[in-house]
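Student: Provided herewith is a single structure, encoded as structure tokens, for subsequent inquiry.
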């Protein structure tokens, strides 16, 4: 498994091979950080940036923001708010689901989304 920084670097460099607008300098400018800072993040010298910067970075890289946030050891503020409203229920739900295979979790999500539960 990759660290946050190395994953970002690998994804950005892969995109940069086809699109030269994906250089460290240009991506950093578009997400609102200094190129030196993004370079340090990619080399795991600096910690991941804020939630807002990670979400902007995910958009630039065509990645799921929740994936990059999780790799950075963070949870999006909207999910934090959902959990804060019913912490015991969500804690129990997550503990029950932690050992389940992906297809079982997706089945539950579909059932809840469809209202067939």
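What follows is calculated from the coordinates using simple rules that are stated; it is not laboratory data. No experiment lies behind these values; they were computed from the predicted model shown. All Cβ positions, even for glycine, are placed from backbone atoms using ideal geometry, and neighbour counts span all protein chains on display.
Student: Match the structure shown to one of the listed values [x] 0.98; [y] 1.07; [z] 1.20 of Rg/Rh (Cα atoms, Kirkwood Rh), computed from it, and give that label.
Tutor: So the structure-derived entry is [y].
Student: Pairs of Cα atoms under 8 Å, at least six residues apart: use those to get the relative contact order of the chain, whole percent. Mind dumping the intermediate values first?
Tutor: Values: 77 pairs, mean separation 21.6, N = 117.
Reported relative contact order: 18 percent.
Student: Quick one: order 57, 68 by neighbouring beta-carbon count within 10 Å, fewest to most. Can you show the working numbers first?
Tutor: Details: 57 27, 68 22.
Neighbour counts put them in this order, fewest first: 68, 57.
Student: With each pseudo-label sitting 7 Å past Cα toward Cβ, what's the residue 37-residue 95 distance in nm, one decimal?
Tutor: The modelled label-to-label distance comes out at 3.8 nm.
Student: Now for a different question. Helix 4-18 versus the longest principal axis of the chain: what angle, 0 to 90°, nearest 10, using Cα atoms?
Tutor: For 4-18 against the chain, the angle is about 60 degrees.
Student: Further, regarding this structure: Relative to the longest principal axis of the chain, what angle (0 to 90°, nearest 10) does the C-alpha long axis of helix 51-61 take?
Tutor: Helix 51-61 and the main axis of the chain meet at about 70 degrees.
Student: Still on this structure, I have one more. Sort out for me the Cα centre separation of the stretch 9-49 from the stretch 63-117, rounded to whole Å.
Tutor: 29
Student: Angle, helix 87-97 long axis vs. longest principal axis of the chain, Cα atoms, 0 to 90°, nearest 10?
Tutor: Orientation of helix 87-97: about 90 degrees from the principal axis.
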